[in-house]
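The values are calculated or read from the model by the stated rules, or taken from the named source; none is laboratory data. Fair warning: this is a prediction, and the values are worked out from it, not measured in the lab. In this analysis, Cβ positions are derived from the backbone assuming ideal geometry, glycine residues included, and neighbour counts consider all displayed protein chains. With ligands, DNA and RNA removed, areas are computed over all heavy atoms of the protein, side chains included. Shrake-Rupley method; radii C 1.70, N 1.55, O 1.52, S 1.80 Å.
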Amino acid sequence: MTAPVISAERLTKRFPSVTALDDLTIEVGAGVTGLVGSNGAGKSTLIKILLGLLPATSGRAAVLGRDVATDGPHIRARVGYMPEHDCLPPDVTATELVVHLARMSGLSATSARERAADTLRHVGLYEERYRPIGGYSTGMQQRVKLAQALAHDPQLVLLDEPTNGLDPAGRDDMLGLIRRIGSEFGISVLVTSHLLGELERVSDHVVVLDGGRLLQSQATRDFTRTTQVLSVEVTDLPARRGDDVLAAALVAHGLVVRREGRLLLVDIADDATYDVIRDQVADLGLGLIRLQQERHHMAELFRPAGDSA
Amino acid sequence: MTSSEPPAGLVRPSRSDGVIHDIGYRHYSGERLDRGYITRSLFVSSLRGAFGLGRSGRSKILPMLLASAMALPAVVIVAVINIGSLDEQPLPYSRYAIALQLVIAIFLASQAPQLVSRDLRFRTITLYFARPLERIDYVTAKYLAMTAALLLITSAPLVVLYLGGLLAGLPFDEQTAEFAGGMLGLLVLSFLLAGVGLVFAALTPRRGFAVAIIIVVVLVSSGAVNIVAAVAWEEGAFDLAGWVGLLSPLTLFDGAQVWLFEAESSALISPPGTLGGVVYCLVALGCIAGSFGILLARYRRLAAT
């Protein structure tokens, strides 16, 4: 195991009215790490602290082996940051902006021009990069924000809600880019979202924050196994409700089943789960209306475990 | 070359006739320069920006017009000195800036917001502070850029006056001494006005608002001070008339340079005695340091948001 890219130890940040981070201890390795949490979970605060822009109330954190409290400029020289909010001046071109910001990261004028051209191409901006940013679509603006974060070839990029405001196709493109940054470019990524589903697709590891506390941190593989769920809906029998009968039968076969109205939510243990459901539905003579793999929303992670049927 | 590493893969032949070759991601192994370089780069780009250089054609018009308006009277004066064979400068070096305060104020009010409000309005400031430069580097670069821009447009006419004066055969020693004093005075003025302009520009992301405030603070205050001084003088309150100049940047500068460089004053009455001179200089110095401090404090809040 190589040294962690990010480590935080008992990190706490209190604002006058709210505790944004509460005794948070995490370690983030190389690769793509998803940081999931609902709004106000402390994701953006954590990023500000990691960049050395906001002092922690207590606890320590290190990025690329350097202390965030004392080594801010060094960290920021090797880290890229894509903010959640709009941050692009409309009256300059993408090329001008990225060249300027690359210089602000310490690159010479010549290097800055080369890197800007390279990164804009990598994020998928070609001829548009010579036009003022004001005329760009949201998707293109997000790409410029990403390009400026990559312009100085950082070892780590912190991406705050990069899919915000994008349509489904734009979302897929952005997630694909993030995956490439982590694999092809060899740059570690910490990417935040309030949607677990989209981070599952691109992350090697997922960290879940809730109310400034660490809720879960594990490899996406483990995560997916414990959280993937099938929703099942069946027709009724003449005398009894179909969902009652099926739920009892599935529990008898060792599956974890939760009820949501007429829907049964079945945790996917392995591929055999599908077979068990199919066989039980057939054996009981039920009609199968729906068998669907669910995309998770954050809310489901927070549901108490005692909800099973 | 920015990259010593070979491309991650050979050029992949594209299936169609497309000519975009994916040469893969190249890492940058070149030099990463320090905060000093970054601050200098920001200074240079901000200074250029104050004159519309590196920006759209439209944004060059106003600063260039103002720079010309600033220099034109000097050209006329030089012509008059040479043609009319005057034996001294009709408008002393130290009074040139005050005489053209309207132009200077418009330049400051239009370009100070250009230098700082844009980064605030579009929240680009976040991208700066996510980079190695620190708050103080940003403020220093912007402060020096605004100061240098003011110094450039105010000192160019003085150079014209000086050279034109020498050409007309005005006494070299006297001219050189007065010119040097005038230039040093402009340095004080530029620092003073840059501070005032940037502080008010940094307080609001709204450009129009910043423009209005700066005009009021620079021009209206100077007008008000002159009126109060005139009334006080009429009433025989000479001390009050001498002290009231502390309340406006332009009259403050005038009082300070009168004492520092024995410059000819534009005011009705100069600051009273040595004490007055010292107080004027200290207040000017305090304003410059205070502006810098306020900007630092302002950006401390902004850096964390």
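How long are the semi-axes of the ellipsoid equivalent to the protein assembly as shown, from square roots of 5 times the Cα gyration tensor eigenvalues, in whole Å, largest first?
65, 27, 20
At 1.4 Å probe radius, can you tell me the per residue accessible area of the protein assembly as shown in Å²?
So the protein assembly as shown comes to 44 Å² accessible per residue, rounded to a whole number.
Nearest 100 Å², what total accessible surface is buried between chain B and chain A (probe 1.4 Å)?
Result for this pair: about 3600 Å² buried.
Among DSSP beta bridges whose residues both lie in region A:86-219, state the antiparallel percentage, nearest 5.
65 percent
Can you give the longest stretch of chain A with no exposed loop site, where a site means trypsin sites (Lys or Arg not before Pro) in a DSSP loop (not H, G, I, E or B) with at most 15 other C-beta atoms within 10 Å?
A:1-239
Looking at chain A as a GNM with Cα springs under 10 Å, which of A:G165, A:G197, A:G254 has the largest mean-square fluctuation?
Looking only at A:G165, A:G197, A:G254, the largest GNM fluctuation is found for A:G254.
Count charges around A:L230 for me, please; just the other residues with Cβ under 10 Å from its Cβ, Lys/Arg as +1, Asp/Glu as -1.
-1
Each label point is 7 Å from the Cα along the Cα-to-Cβ direction; what then is the distance between the points at A:R180 and B:S29, in nm?
According to this spin-label approximation, the distance is 2.4 nm.
Just check region A:126-170 against the gyration tensor rule for me: Cα atoms, a ≥ b ≥ c as the square roots of the eigenvalues, rounded for a/c under 1.5, and otherwise prolate or oblate depending on whether a/b exceeds b/c.
It comes out oblate by the Cα gyration axes.
May I ask you to compute the full-extension gain from A:E127 to A:V251, defined as 0.36 nm times their residue separation minus their alpha-carbon distance, rounded to one decimal in nm?
Fully extending the segment from A:E127 to A:V251 adds 38.8 nm.
Using alpha carbon centroids, what distance separates region A:73-93 and region A:239-269, in Å?
If you average the Cα positions of each part, the centres end up 49 Å apart.
Under 13 Å from a point 7 Å along the Cα-to-Cβ line of B:R48: which residues of region B:113-128 have their amide N that close?
none
Given a Förster distance of 51 angstrom, what is the FRET efficiency for A:I289 paired with A:T110, based on the Cβ-Cβ distance and rounded to 0.05?
0.20
For chain A, which whole percent of the accessible surface, found with a 1.4 angstrom probe, sits on carbon and sulfur atoms?
C and S fraction of accessible area: 50 percent.
Return the FRET efficiency for the residue pair B:A230, A:T70: r is the Cβ-Cβ distance, R0 is 51 Å, and the value is rounded to the nearest 0.05.
According to the calculation, E is roughly 0.35.
With a cut-off of 8 Å between alpha carbons and a minimum separation of six or more residues, what is the relative contact order of chain B in percent?
Rounded, it is 19 percent for chain B.
Summarise the accessible area of region B:230-305 (1.4 Å probe, protein heavy atoms) by the percent that is carbon and sulfur.
Answer for region B:230-305: carbon and sulfur cover 67 percent of the accessible area.
Please determine, in degrees from 0 to 90 and to the nearest 10, the orientation of helix B:273-303 with respect to the longest principal axis defined by the Cα atoms of chain B, where the helix direction is its Cα long axis.
In chain B, helix B:273-303 runs at an angle near 20 degrees to the longest axis.
Just how large is the dipole of chain A about the Cα centre, in debye to the nearest 20, putting +1 at every Lys and Arg Cβ and -1 at every Asp and Glu Cβ?
840 debye
Over region B:187-277, calculate the relative contact order: mean separation of alpha carbon pairs under 8 Å at least 6 apart, over the residue count, as a percent.
24 percent
Considering only DSSP beta bridges with both partners in the protein assembly as shown, what is the antiparallel share in %, to the nearest 5?
65 percent
Cα axis of helix B:172-203 to longest principal axis of chain B: angle in degrees, 0 to 90, nearest 10?
That works out to roughly 60 degrees.
So, in Å, what gap is there between the alpha-carbon centers of region B:108-145 and region B:193-250?
Cα centroid to Cα centroid, the span is 25 Å.
How many nm is it between the label spots at A:A239 and A:T25, if each spot is 7 Å from the Cα in line with the beta carbon?
With each label placed 7 Å out from Cα toward Cβ, I get 5.8 nm.
Take every Cα pair under 8 Å in chain A that's 6+ residues apart, average their separations, divide by the length, and report that relative contact order as a whole percent.
Averaging sequence separation for qualifying contacts and normalising by length gives 19 percent for chain A.
What residues of region B:129-158 lose no less than 30 Å² of accessible area with every protein chain in place versus their chain by itself (probe 1.4 Å, heavy atoms only)?
Going by heavy-atom accessible area, the residues of region B:129-158 that drop by at least 30 Å² are B:F129, B:A130, B:R131, B:P132, B:E134.
With the dipole of chain A worked out from charges on the C-beta (+1 for Lys and Arg, -1 for Asp and Glu) around the Cα centre, which of A:L53, A:Q292, A:G65 lies farthest toward the positive end?
Farthest along the dipole direction, towards plus: A:L53.
Taking the Cα atoms only, what angle lies between the long axis of helix B:58-84 and the longest principal axis of chain B, rounded to 10 degrees?
Taking the Cα atoms of chain B, the angle to B:58-84 is about 40 degrees.
So if R0 is 60 Å, what FRET efficiency would B:R301 and B:L86 give, r being the distance between their Cβ atoms, rounded to the nearest 0.05?
Once rounded, the FRET efficiency stands at 0.65.
Counting Lys and Arg as +1 and Asp and Glu as -1, what is the net charge of the other residues whose Cβ lies under 14 Å from the Cβ of A:G165?
-4
Over chain B, with a Gaussian network built from C-alpha contacts below 10 Å, which listed residue (B:G236, B:G24, B:G255) shows the highest mean-square fluctuation?
B:G24
Mind checking A:106-118 for the average number of partner chain beta-carbons within 10 Å of each residue's beta-carbon?
5
Hey, in the GNM for chain B with a 10 angstrom Cα cutoff, which one of B:G245, B:G197, B:G273 fluctuates hardest?
Evaluated over chain B, the most mobile residue of the options is B:G273.
Run through the DSSP bridge list for chain A and note the antiparallel percent, rounded to the nearest 5.
Counting DSSP beta bridges with both partners in chain A, the antiparallel share is about 65 percent.
Just report the Cα centroid separation between region B:260-283 and region A:127-157, whole Å.
53 Å
From the Cα gyration tensor of region A:251-294, with a ≥ b ≥ c the square roots of its eigenvalues, which class applies: rounded if a/c is under 1.5, or else prolate if a/b is larger than b/c, or else oblate?
Because its axes are fairly even, with a/c under 1.5, region A:251-294 counts as rounded.
For region A:42-112, rounded, prolate or oblate, judged on the Cα gyration tensor with a ≥ b ≥ c (square roots of eigenvalues), a/c < 1.5 rounded, else prolate if a/b > b/c?
oblate
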